[in-house]
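Worksheet for the structure shown next.
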Amino acid sequence: MSSSLAIQRENIRKLFPDTFKQARKSRLRGQIIFFLVLVYLIVGFFTLDVVDIPKKWKPQNAAMFVLDTYAHKDHVTMKWENHEDIKIAFEGNYRSVYGRDNLDKSIPDWFYKNSDNVGNVVEFNNKGKAILYKDKVEIVNFPKYERDFTIKLNSNGKPYLVGSEDLVIEDLKGFRITENRVEFRPTLYERIQVYPKKVEIHRYSIGWKYFWFDFSSPLEPYSFFEALGLTFSKERVVPEMSNLKLFLTEIKDNEAFMHGRVWWAMLETIVMAVLGTMFATVMALPLSFLAAYNVTPIKALRFTLRRLFDTLRGIDFLIWSLIFLRAFGPGPFTGIFAIGFTDTGTLGKLYSEAIENTEKKQQEGVQSTGASKFLQHRFGIIPQILPIFVSQSLYYLESNTRGAVIIGAMGAGGIGLQFLGALGTGNDFENVAYMAILVLAVVIFMDRLSAWLRRILIGSDQLIVR
Amino acid sequence: MAKALPANLEQIEVNLKKLTNQRTRSSLLGIAILILIFFGGTLVSLEANAGSFGRGIANFFNYPRDLFVDTFEMGWKYWPRVIKYIPELIITLNIALFSTSIGFILAIIFAIFSSRNLIRNKRVIQFTKFLMDVTRSFPTLIIAMVFLYLMGKSSLPAVIAITIHTAGALGKLFTEAIENCDGKPIEGLSSVGATWTQKIRFSVLPQVLPLFLSYGILRLEINVRESTILGFVGAGGIGEMLAALIQWNYGADVLACMFLLVGTIIALDYLSAYWRHKLIGANQ
């Protein structure tokens, strides 16, 4: 059976030698191309230092970054010289201190006096406790640790772990001991640091605290929906203004998440994208007619316009925004014109190609009724290209939203600059995450919006290219 | 019959009038919305802009003129300067080409797992589609900034960011290409008992590869622009050089970098149009 198959194959090979030769040739070409790509990828791996990723990737940094995007922490600080003066502050911020009398902010319930009435207890979310005494810190009740620990200061005023000589390495995991510091960090969520001068405890919890109302807001005790309910009640929370106004201003002026500023920046970015696209469409519409050979008979004009489109497009919006940044200063105008100029080139090229691809018969039909040139274009060409125009412009709206974020980050303002600012502070990563999610949501929204508009305006949500 | 016609005509005329009215009304509504957006946007811009609009228009040509004057004063010594920045340009091109290649491969994997005619499991398709939506929607700049912060200054964040974005963006286009391809070759291979991988290798891939390559070349062109921009925020290459030169106010050098960039982009524009034309024939 198999031998007869082989004979048949030989016969076919003899009958069509050219086909087989060609097939082998193209297969060989494919293999060579594949090999070259492989070589390039290997070269790229080394020239771009991709091999260094494990070296550059600091898991500790990344873990802290990720932790801070979804969790918040409270700092508890005790100075050794005055052990009763314990400060509890949200994110260590000196303006967000619990129990400070003028704010009427009660001490959180995870901080209390120990049963012996001497020590102060900080209870973590995993039921582990750190007990602060006048001369020592006790670490008790941590899950997965069978024994308790005590950290004291020695005669030189340096912190040390009591009895650490007797402990095996297994028991010491989670500890980091240097000359001036003893740190205990069993998981990412608990951190106890003892210094010669003070004890600092970080207690992490999951979630964005103070997302709606910040630490010092009068509405802070209420949840979002409770506060929303309060806006319907007549009793004023603060005498100066109505509850609704208070509700809105407190959200807007939130110090932690800066909703007012972030949303305004987002609006700026959207304005850049929308007005930029509008500007480009309005500019490209007449120019594209002048650049199409079936409308404009003058060859020199067509050539000039084509090169103009190429130049506008070739000078990337990066360079346009640099030029406009000098002229208009930071602000949406820079973005609008940078996007507008680049896309005048892009849309002008696409539009003029669409015009050239129109069906000639419709125009001839209009011509046969004795219509003027203008009317021929109005009724012979425009109805054909309008769907393409709308489709292209809406398609660019979405990518321009992303472009506007980038132009903003290069100095034009808007959400891009806010994002850079939050990242630059090095500890407001929850704001970084908030803005990233916001940008993501807006871009996806613009994508859906442009698809929806395309569907109701021209009946198809795909990009039409002809 | 002859009597019924005028009545019908009347009906038609009434309907036509109704339709025209409706169209006019929706057109007017659309134009009103556009005008509203325009004025609203202008108000926001005027409020948010640091400098005034009028002064901006007046100053528009100042900066380009300064650059050209600076360049003109240098005379023939200018050209070695331009050549000096070519290595930086090559770094930028390398970032773009490398990340496009990796993104291209990832996109093929994404596309295979999100095509309805290759995968039966709905959950897998939904998950891959969601993944592509997310990776595509993040501006590269945001991913790059986060990685720049975590890994320090190098080209790697740019490579990672562009790769991620490319995988999502190309993946979506590839999915459409696979779903629109002819089903008969797949059926033919099924009939001779081909395995799943064989079906993909011998029936799907030959159909879609030219289209894939064409999209890939288009992406490469976009990614060269992207990698320049990422250089601007610290990922190396000609973008970073340009940012530094602008800060130092070296007019002639700024213009040299700009020339190199614009030249590269225009050349790539033509090259990609030519390649794509060769690959898929008609101008798609």
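Numbers below:
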{"read-out": "Most mobile of B:G183, B:G152, B:G40 in a GNM of chain B (Cα contacts under 10 Å)", "value": "B:G40"}
{"read-out": "Ranking of A:D316, A:D343 by count of other Cβ atoms within 10 Å, fewest first", "value": "A:D316, A:D343"}
{"read-out": "Shape category assigned to the range B:113-251 from the gyration tensor of Cα positions, a/c cut at 1.5", "value": "prolate"}
{"read-out": "Whole-Å distance, taken between Cα centres, linking the range A:236-306 and the range A:1-76", "value": "42"}
{"read-out": "For chain B, the longest site-free run once trypsin sites (Lys or Arg not before Pro) in DSSP loop states with at most 16 other Cβ atoms within 10 Å are removed", "value": "B:154-284"}
{"read-out": "Crossing angle, helix A:17-47 versus chain A [Cα axis fit, 0-90 degrees, rounded to tens]", "value": "40"}
{"read-out": "Cα shape, the range A:79-143, gyration tensor, a/c 1.5 rule", "value": "prolate"}
{"read-out": "Part-to-part distance (alpha-carbon centres) for the range B:171-186 and the range A:116-194, which is given in Å", "value": "61"}
{"read-out": "Whether the range A:259-458 is rounded, prolate or oblate, judged on the alpha carbon gyration tensor where a/c under 1.5 counts as rounded", "value": "prolate"}
{"read-out": "For the range B:199-222 versus the range B:98-146, the gap between their alpha-carbon centres in whole angstrom", "value": "15"}
{"read-out": "Top positive-direction residue, dipole computed over the protein assembly as shown with Cβ charges, set A:F379, B:F232, A:L350", "value": "A:F379"}
{"read-out": "Given charges at beta-carbon only (K, R positive; D, E negative), |dipole| of the protein assembly as shown in Debye", "value": "3060"}
{"read-out": "Chymotrypsin sites (Phe, Trp or Tyr not before Pro) within the range A:232-291, DSSP loop, no more than 12 other Cβ atoms inside 10 Å", "value": "A:F232"}
{"read-out": "Protection proxy ranking, peptides A:364-376, A:117-129, A:415-427, average beta carbon neighbours within 10 Å, highest first", "value": "A:415-427, A:117-129, A:364-376"}
{"read-out": "Options B:A107, B:P80, B:Q198, ranked by Cα towards positive dipole end of chain B, top entry (Cβ charges)", "value": "B:Q198"}
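Every number here is computed from the coordinates shown, using simple stated rules; none is lab data. None of the values given here were measured: they were computed from a predicted structure. Cβ: placed from backbone, ideal geometry, glycine included. Neighbour counts: every protein chain shown.
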